[in-house]
Amino acid sequence: MIELLKSHSGVITVMDLEIISYDDMTFNDPVGVIGFPSVGLTSSIMANMYVKSLNMTPVAGMSGVCIPPYCLISRENVLPPIRFYGYKNKRKNGQDVILTMTEYAPKPEDCFTVANRILLYLKQKGCRTVVCMEGTPKFENSKTLVAAAGPNAKKLIKKSGLDALNEGMIRGMTGIMMYKAPTMGLDIITIMVPATAGVPDPGSSASFIEPISKLIPGFKTKPTELLKEAEIIQQQIEETQRNMGDTHQYIG
């Protein structure tokens, strides 16, 4: 199978991770956008919404020994767990986008290798800026914040229109990318959206749309479907809570 991929698509292997190429799309000054699972699955939900609503093209995938053994079948394409999708910006002189997404959260011991390989691929494709989407636990009075690193960090924060996180910690893949990207000559900004832990929170996912559209003019989707999904999930939660209450009364 690997030989088949080599002959038809091209496979680049680095550090036991393969980048499998599917499309030779050319990009104009692309921006990398990252959507890995986080609190409320906000970043994964938003990444999936971008791919579907903007009809983004699968350009590459990543697989390897430290990545779970499954494939995703989407629009008759068979893809590995980590996928790269391309978007050609329709705005004149607008920046194109390479979106990276997956459904699984890498083990802590694998995060550095996976994060490093993703950044290397994005840099090879011409990205100078990376935008990470991250869900954070929702508390009273919590709000969407950003953190940035690299030569143009202050410009990115100002462009996002959001307040910066002055003190704190960013964990996992995003945390590694935040300190690793500048060493590769990349600017990076993370948008941190408060979300409900333990359940999918598409309503909070919609909070990524506005700041990302400011950072990448012309790359935008409507929150309508996300808000519909949020309403459905809320109804399911309420129904579950009612059923649990009925069960307790019956047992008690």
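Search region 73-104 for residues being hydrophobic (A, V, I, L, M, F, W, C) and loosely packed, with under 15 Cβ neighbours inside 10 Å, and hand back the single one that is farthest from GLN124 (Cα to Cα). My answer is ILE73.
A quick yes/no check of all residues on (1) more than 29 Å from MET169 (Cα to Cα); (2) in contact with a Cys (Cβ under 7 Å, 6 or more places away or on another chain); (3) among the hydroxyl-bearing types (Ser, Thr, Tyr):
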site	(1), (2), (3)
MET62	no, no, no
ILE73	yes, no, no
PRO80	yes, yes, no
THR100	no, no, yes
ASP110	no, yes, no
LYS123	no, no, no
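Meeting the requirement of 1 or more residues that are closer than 11 Å to VAL31 by Cα, the strands (runs of 3 or more DSSP E) wholly within region 88-161 are 97-101, 129-137. Residues that are assigned to a loop (DSSP other than H, G, I, E, B) and either crowded, with 18+ Cβ neighbours inside 10 Å or of a type in the set (Asp, Glu) (or both) within region 217-229 comprise PHE219, THR221, PRO223, listed in sequence order.
In region 183-212, of all residues being in contact (Cβ under 8 Å) with a residue 24 or more places away in the chain and among the hydroxyl-bearing types (Ser, Thr, Tyr), the one that is surrounded by the most Cβ atoms within 10 Å (Cβ to Cβ) corresponds to SER205.
Which ones in region 103-118 are over 15 Å from GLU18 (Cα atoms), of a type outside the set (Gly, Ala, Ser) and touching a helix residue (DSSP H, G or I) at 6+ places or on another chain (Cβ under 9 Å)? Correct list: GLU103, PRO106, PRO108, CYS111, PHE112. Screening the candidates PHE27, PHE84 for the property of being at pLDDT 95 or above, farther than 25 Å from GLY198 by Cα and assigned to a loop (DSSP other than H, G, I, E, B) yields one hit, PHE27.
A Cβ distance below 7 Å, combined with a sequence gap of six or more or placement on separate chains, defines the contacts here; from region 150-169, residues that are farther than 11 Å from LEU215 by Cβ reach residues that are in a loop (DSSP other than H, G, I, E, B) in the pairs GLY150/LEU186.
Of all the residues in region 114-169, those that are touching an Asp or Glu at 6+ places or on another chain (Cβ under 8 Å), of a type in the set (S, T, N, Q) and surrounded by fewer than 18 Cβ atoms within 10 Å (Cβ to Cβ) number 1.
If LYS92 passes every condition in (1) touching a Gly at 6+ places or on another chain (Cβ under 6 Å); (2) without any contact (Cβ under 8 Å) to a residue 40 or more places away in the chain but one, which one does it miss? If we test LYS92 against (1) touching a Gly at 6+ places or on another chain (Cβ under 6 Å); (2) without any contact (Cβ under 8 Å) to a residue 40 or more places away in the chain, just (1) comes out false. Do we have any residue at all in region 198-216 that's at pLDDT 95 or above and outside any helix (DSSP H, G or I)? Yes - at least one qualifying residue is present in region 198-216. Filtering region 30-52 to residues that are in a loop (DSSP other than H, G, I, E, B) and either within 13 Å of LYS220 (Cα to Cα) or touching a strand residue (DSSP E or B) at 6+ places or on another chain (Cβ under 8 Å) (or both) leaves PRO30, PHE36, SER38.
For PRO37, the criteria (1) under 27 Å from GLY198 (Cβ atoms); (2) surrounded by 22 or more Cβ atoms within 10 Å (Cβ to Cβ); (3) in contact (Cβ under 8 Å) with a residue 60 or more places away in the chain; (4) out of contact with any Lys or Arg (no Cβ under 9 Å at 6 or more places or on another chain) hold in every case but one, which is (2).
The values are calculated or read from the model by the stated rules, or taken from the named source; none is laboratory data. Just so it is clear, the structure is predicted and the values come from calculations on it, not from any experiment. Using ideal geometry, Cβ is built from the backbone for each residue, glycine included, and neighbour counts are taken over all protein chains shown.
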